[in-house]
Ligand code: ADP
Ligand code: ZN
């Protein structure tokens, strides 16, 4: 590793990645879907207990009802599944959903069935008799929704059977898997294009959370989408609070975060299996309810850990990125990165697993320069190997990966609002508020500003100029600190006026500032194996005192105590109190959560499928005494009211009797 290396800053301005959302004329519906939408809404209220559709969901559903092809790009937690589930409930015929993850599909099928919808799943993991039962349900045209793995779709004769069964619509989940530009290519996905060729009239809707322009175009091309409606959701996740800190003592730093979330669910990502196991061991030794997960442990153990996490029997999972796609726990309150992920896409996907219920959650990343270099070395090595194996395009791919990595590095070391950075990275505009986003370490003022930023920046910049802008960060740091190295003497740099001008500052501190100057564009680096530093135009202006950078000190831990933000600091309880104007009975809330956990275990489904936290909190605020009152509560559909209403009402009544409190009448 070349210590002198500092990665390049991200390009100052990125072009828009996404075309603007095309508004859909209200009267465009060929099948009179104005009235179709009303039916969808009624169905969404009845079956899912949601009051309204999110704007993008409405557009996607409208396109689906109009039998239009569509590509829907929505961040994790945006509510993609409703977009294909809801129209399937009112459409004649079968909707087929292709998805790569069996556990994810299974949760959806369980969820739909608990809401009274005829849905089934076909995967290679089922035995012949299970498959047979599903096949006959398909043949008898009993199903509204069928979920299939791409492997199943690719089996001979399967497409013919779907045609015979009256397939009317196809939804492709995780559609980026069809593209080898994406970060998760699956060759079987290519089979979906075949279905389109056989049934050109079949409308196809593709869904993904991550899409760069290449991937997006590739999805459209591979699926053969015709004049697709392109819908792109907002990439901001206002309920997430982001924090980024240099890694020092990782386990202590993690414990600092965990103290803000005792008894809550979270994920800690580490880079290697070894790091995962060590970190999990150390956390467990400190009394954290945790287990670990990576691709090196047996499938059975992985499944057990995932299930325990899902069932709320385990608070924290320490894992490599192998853990994630399959988890559908919506109440993950924190995601910690123990090191720098590979790129902004990965960061956003992994942090996206926090707070999918819309309640506040915290994302903290701990990074170090060595993470950057490890990734870079890895990327270069695999590009070399690809080239040696005669694969073309390795250089392009390396360039693209390094650029993605560089952007994330820029975010980590820069002091730009994290929400703004992420939203702009995905090609969208960030609506600025005067006092910042209120949900990141930068805007919350947790980063300590260095008082004499301008002077320090000028010292660094002028040292680089004195060294003829031909040296790397390591050497410049040595000169600034007044070190006495052979190289410094050899170059005569001990005679420069800037030699020792920052004596007394630590090397880490100086490197930290240089990284900030790079990230904010005062400095530029040549890149390559021996990158050297030089001043940008703004750097020159800074030397003249015309531009004033803001530098931040190396920090230890966030000073704020709660993960909370102005935009989303409410817990489920506070939200329920605000919504109902009633006092939430916390003991009752706890009791209902326990009931939910045991029901979930009995039924073998994840707890959130019973009712989510917000709905339970509303129960604890409103304390309904009969089914009619229960039905009025957000999140309670007809099926759930009938199925689960009695046990919950009983528990609420028992609680009232036990505590002698008055129930709401
Ligand atoms: P994605 O697949 O895009 O990651 P999901 O479909 O799993 O997201 O939805 C994320 C969460 O949002 C779920 O908890 C879901 O119940 C909730 N949700 C989806 N649509 C709505 C809606 N219209 N109103 C309220 N909650 C919703
Ligand atoms: Zn911010």
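For residue 469, the conditions (1) in contact (Cβ under 8 Å) with a residue 40 or more places away in the chain; (2) more than 16 Å from ligand 2 (Cβ to nearest atom); (3) in contact with a helix residue (DSSP H, G or I) (Cβ under 9 Å, 6 or more places away or on another chain) all hold with the exception of (3).
Considering the stretch 59-75, the residues that are in a helix (DSSP H, G or I) and touching a helix residue (DSSP H, G or I) at 6+ places or on another chain (Cβ under 7 Å) include one that is farthest from ligand 1 (Cβ to nearest atom), namely 65. Residues in the stretch 407-421 that are within 12 Å of ligand 2 (Cβ to nearest atom), touching a strand residue (DSSP E or B) at 6+ places or on another chain (Cβ under 8 Å) and farther than 11 Å from residue 236 by Cα: 411, 415, 417.
The number of residues in the stretch 190-216 that are under 21 Å from the mean Cα position of the chain (by Cα), at pLDDT below 90 and either within 16 Å of ligand 2 (Cβ to nearest atom) or surrounded by 15 or more Cβ atoms within 10 Å (Cβ to Cβ) (or both) comes to 6. Here is the figure for the stretch 633-665: residues that are under 14 Å from residue 576 (Cα atoms) and without any contact (Cβ under 8 Å) to a residue 60 or more places away in the chain total 1.
Give me the residue from the stretch 76-95 that is within 9 Å of ligand 1 (Cβ to nearest atom) and surrounded by fewer than 24 Cβ atoms within 10 Å (Cβ to Cβ) and, out of that set, nearest to the chain's Cα centre (by Cα). Out of the qualifying residues, it is 76.
Filtered by the rule that a residue be farther than 15 Å from residue 207 by Cα, out of contact with any helix residue (DSSP H, G or I) (no Cβ under 6 Å at 6 or more places or on another chain) and modelled with pLDDT of 85 or more, the stretch 90-106 gives 91, 92, 93, 94, 106. Here residue 112 passes the criteria (1) farther than 25 Å from residue 610 by Cα; (2) part of a helix (DSSP H, G or I) except the one numbered (1). For the criterion of being buried (at least 19 other Cβ atoms within 10 Å of the Cβ) and closer than 16 Å to residue 414 by Cα, residue 533 fails.
Could we say that residue 415 is buried (at least 17 other Cβ atoms within 10 Å of the Cβ), in a loop (DSSP other than H, G, I, E, B) and assigned by TED's automatic domain parsing to the domain that holds residue 340 here?
For residue 415, the condition - buried (at least 17 other Cβ atoms within 10 Å of the Cβ), in a loop (DSSP other than H, G, I, E, B) and assigned by TED's automatic domain parsing to the domain that holds residue 340 - is met.
Where strands (runs of 3 or more DSSP E) sit wholly within the stretch 292-372, those with at least 1 residues that are at pLDDT 90 or above, surrounded by fewer than 23 Cβ atoms within 10 Å (Cβ to Cβ) and more than 15 Å from ligand 1 (Cβ to nearest atom) occupy 361-367. Considering the stretch 443-465, the residues that are out of contact with any helix residue (DSSP H, G or I) (no Cβ under 8 Å at 6 or more places or on another chain) and either closer than 30 Å to residue 490 by Cβ or assigned to a helix (DSSP H, G or I) (or both) include one that is farthest from ligand 1 (Cβ to nearest atom), namely 455.
Under the condition of being closer than 29 Å to residue 361 by Cα, at pLDDT 85 or above and buried (at least 19 other Cβ atoms within 10 Å of the Cβ), the residues counted in the stretch 217-242 number 8. Considering every residue within the stretch 449-464, establish whether at least one is within 16 Å of ligand 2 (Cβ to nearest atom), under 19 Å from the mean Cα position of the chain (by Cα) and surrounded by fewer than 23 Cβ atoms within 10 Å (Cβ to Cβ). No, because not a single residue in the stretch 449-464 is within 16 Å of ligand 2 (Cβ to nearest atom), under 19 Å from the mean Cα position of the chain (by Cα) and surrounded by fewer than 23 Cβ atoms within 10 Å (Cβ to Cβ). Within the stretch 422-442, one or more residues are part of a helix (DSSP H, G or I), within 12 Å of ligand 2 (Cβ to nearest atom) and touching a strand residue (DSSP E or B) at 6+ places or on another chain (Cβ under 9 Å).
When the stretch 389-398 is filtered for residues that are in contact with a helix residue (DSSP H, G or I) (Cβ under 9 Å, 6 or more places away or on another chain) and in a helix (DSSP H, G or I), the ones remaining, listed by number, are 394, 395, 397, 398.
Taking residues in the stretch 520-542 that are without any contact (Cβ under 8 Å) to a residue 12 or more places away in the chain, and partners anywhere that are part of a loop (DSSP other than H, G, I, E, B) and surrounded by 14 or more Cβ atoms within 10 Å (Cβ to Cβ), the pairs with Cβ atoms closer than 7 Å and at least 6 places apart or on different chains are 526/532; 541/547.
All conditions but one from (1) assigned to a loop (DSSP other than H, G, I, E, B); (2) without any contact (Cβ under 8 Å) to a residue 12 or more places away in the chain apply to residue 221; the one that does not is (1).
All conditions in (1) buried (at least 22 other Cβ atoms within 10 Å of the Cβ); (2) assigned by TED's automatic domain parsing to the domain that holds residue 250; (3) touching a strand residue (DSSP E or B) at 6+ places or on another chain (Cβ under 9 Å) hold for residue 404, with the sole exception of (3). For the stretch 220-246, the set of residues classified as more than 16 Å from ligand 1 (Cβ to nearest atom) and farther than 30 Å from residue 512 by Cα consists of 220, 221, 222, 223, 224, 225, 226, 227, 228, 229, 230, listed by residue number.
So is residue 382 surrounded by fewer than 16 Cβ atoms within 10 Å (Cβ to Cβ) and either in the same structural domain as residue 418 (by TED's automatic domain parsing) or farther than 17 Å from residue 253 by Cα (or both) or not? The answer is yes for residue 382. Enumerate the pairs (first residue in the stretch 418-441 and over 22 Å from residue 216 (Cα atoms); second residue anywhere and outside any loop (DSSP other than H, G, I, E, B) and within 16 Å of ligand 1 (Cβ to nearest atom)) with beta-carbon separation below 7 Å, excluding pairs fewer than 6 apart on the same chain, so at least 6 apart or on different chains. Pairs that qualify, where the first residue is over 22 Å from residue 216 (Cα atoms) and the partner is outside any loop (DSSP other than H, G, I, E, B) and within 16 Å of ligand 1 (Cβ to nearest atom), are 439/240.
The values are calculated or read from the model by the stated rules, or taken from the named source; none is laboratory data. The model shown is predicted, which means the values in this text are computed figures rather than measured ones. Using ideal geometry, Cβ is built from the backbone for each residue, glycine included, and neighbour counts are taken over all protein chains shown.
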